[in-house]
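First the structure, in the form of structure tokens, and then the observations on it.
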Amino acid sequence: MDTVIVNRRAEQRWAAGHPWIFRSDVVQRPTSPAGAVRVETARGLPLGVALWSPKSEISLRMLDGDSRAELDRTWWRRRIAAAVRRRTVVAKAATAYRVVHGEADGCPSLVCDRYGEYLVVQLLSAGIEQYRAEIIAALVDVLDPVGILARNDVPVRTREGLPRTVEAVHGQVPREIEVEENGVRYLAAPWDGQKTGAFLDQRENRALVGAVSRGRALDCFSYHGSFALHLARGSDTVTALDSSGPALERARANAALNGSANIEFVEADAFEFLRAREADGSRYDTIVLDPPAFAKNRQSLTGAVRGYKEINLRGMRLLAEGGYLFTASCSFHLSRGLFFEMLADAAADSGRTLSLRAITGQPHDHPEIITIPETGYIKGALLQAVD
Ligand code: SAH
């Protein structure tokens, strides 16, 4: 293994619990290709072992504070087994959940989601790509899946100088996998669905709003209907809205799977729909707003906040007396502080009185490590109209 010398800032960052070392903090770059390297300070103090990405701005991702660590199948098996143990609570409530949440589980740039007997992995750096065989072998040792799919079609791989492909790397993986969460069944689409096939990161929020849903419900940005399916259990009627026809097709199939006959599916732009419902004086007892990330980067934050405010303002106005609004943002660049500021602004302009019933984030299987802000991105709030 090559040795890399890093500066004081890199040393302090790692000491403060963050595994990334940026290009500008590497004093002496290794000449070896992507893989693992030993990391040392200029004074020769060993910091540990890291993944090395020659093309990335994030040059090093610390893996182990022990410089003697051998990153073999056994090492990966231990890391993955520990991540699995932390999820025993989740495994009782769902057959689909995240097994490895990258940096938050000590496996930087590795994602692994479980869909019943299948796994979907994402190798998101040049360094981790070198350990593909060991990681797949370790996953087979720990979880014994029928098949493993690599959903390596994400843009970040291009920045790492890696090809973008989707391929089965162990056994076979079907186009659709039926899974269950908190008593609701749905079909995941591992090969071509968003993320690794479903939005696993809202599971606990779906249960939360599902428990208070009633009357007339609206699920905006519904995708495959996962919030709508939970709302359907307590509500008289549910409108599942999305701008994507194919997404709604799957939502319809999911409703049939659960025998939920009280959901109507509307293909429309959420902004236009909310505006039109406000104009015609509609009211809902339960509303869910779970939009895509409006802020894809820091530059688009101002416009994104405007978008979030608009849908939230309209959602608040559409609430019946005592009605619930569950609202979320999955934009990493929108901080928790800004999210609540935006909600307060929307509430002030809505002319309604809203009480904060719950502040939420990511579920158990998507741990947010306090010293690694990049591991957290979802902010959620359950509000109730008091008037
Ligand atoms: N709530 C879902 C995830 C939503 S993902 C779940 O828990 O599984 C965001 C969804 O918003 C996508 O399905 C996308 O098609 C839809 N979308 C994006 N822009 C939209 C718009 N302007 N109006 C309505 N839907 C939109």
* Asked: Taking the stated definitions as given, is residue 211 under 23 Å from residue 95 (Cα atoms), within 9 Å of the ligand (Cβ to nearest atom) and among the small types (Gly, Ala, Ser)?
  -> no
| Can residue 309 be described as within 25 Å of residue 350 (Cα to Cα) and assigned by TED's automatic domain parsing to the domain that holds residue 350? | yes
Selection from the range 46-97 of residues among the charged types (D, E, K, R), closer than 27 Å to residue 206 by Cα and in contact with a strand residue (DSSP E or B) (Cβ under 7 Å, 6 or more places away or on another chain) yields 87
Within the range 258-285, the residues that are buried (at least 16 other Cβ atoms within 10 Å of the Cβ) and closer than 20 Å to residue 181 by Cβ are 258, 260, 263
Scanning the range 214-236 residue by residue, the ones that are assigned to a loop (DSSP other than H, G, I, E, B), hydroxyl-bearing (Ser, Thr, Tyr) and within 12 Å of the ligand (Cβ to nearest atom) total 2
Residue 142 vs (1) more than 16 Å from the ligand (Cβ to nearest atom); (2) in contact with a Gly (Cβ under 8 Å, 6 or more places away or on another chain); (3) in contact (Cβ under 8 Å) with a residue 60 or more places away in the chain: all pass except (2)
Any residue at all in the range 290-308 that is within 25 Å of the chain's Cα centre (by Cα), of a type outside the set (Ser, Thr, Tyr), closer than 27 Å to residue 263 by Cβ and crowded, with 22+ Cβ neighbours inside 10 Å?
-> yes
Note on residue 205: of the conditions (1) near the ligand (Cβ under 10 Å from one of its atoms); (2) out of contact with any helix residue (DSSP H, G or I) (no Cβ under 6 Å at 6 or more places or on another chain); (3) free of Cβ contacts under 8 Å to residues at least 40 places away in the same chain; (4) not acidic (Asp, Glu), unmet is (3)
Flagged in the range 34-56 as assigned to a loop (DSSP other than H, G, I, E, B) and free of Cβ contacts under 8 Å to residues at least 40 places away in the same chain, in numbering order, are 42, 43, 44, 45
- prompt: Is one or more of the residues making up the range 247-270 in a loop (DSSP other than H, G, I, E, B), without any contact (Cβ under 8 Å) to a residue 24 or more places away in the chain and more than 12 Å from the ligand (Cβ to nearest atom)?
  reply: yes
If we take the range 121-213, then helices (runs of 4 or more DSSP H) inside it with 3 or more residues that are assigned by TED's automatic domain parsing to the domain that holds residue 380, surrounded by 15 or more Cβ atoms within 10 Å (Cβ to Cβ) and of a type outside the set (A, V, I, L, M) are 203-212
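The values are calculated or read from the model by the stated rules, or taken from the named source; none is laboratory data. Model, not experiment: these values are computed from the prediction. So basically every Cβ, Gly included, is an ideal-geometry build from the backbone, and we count neighbours across all protein chains shown.
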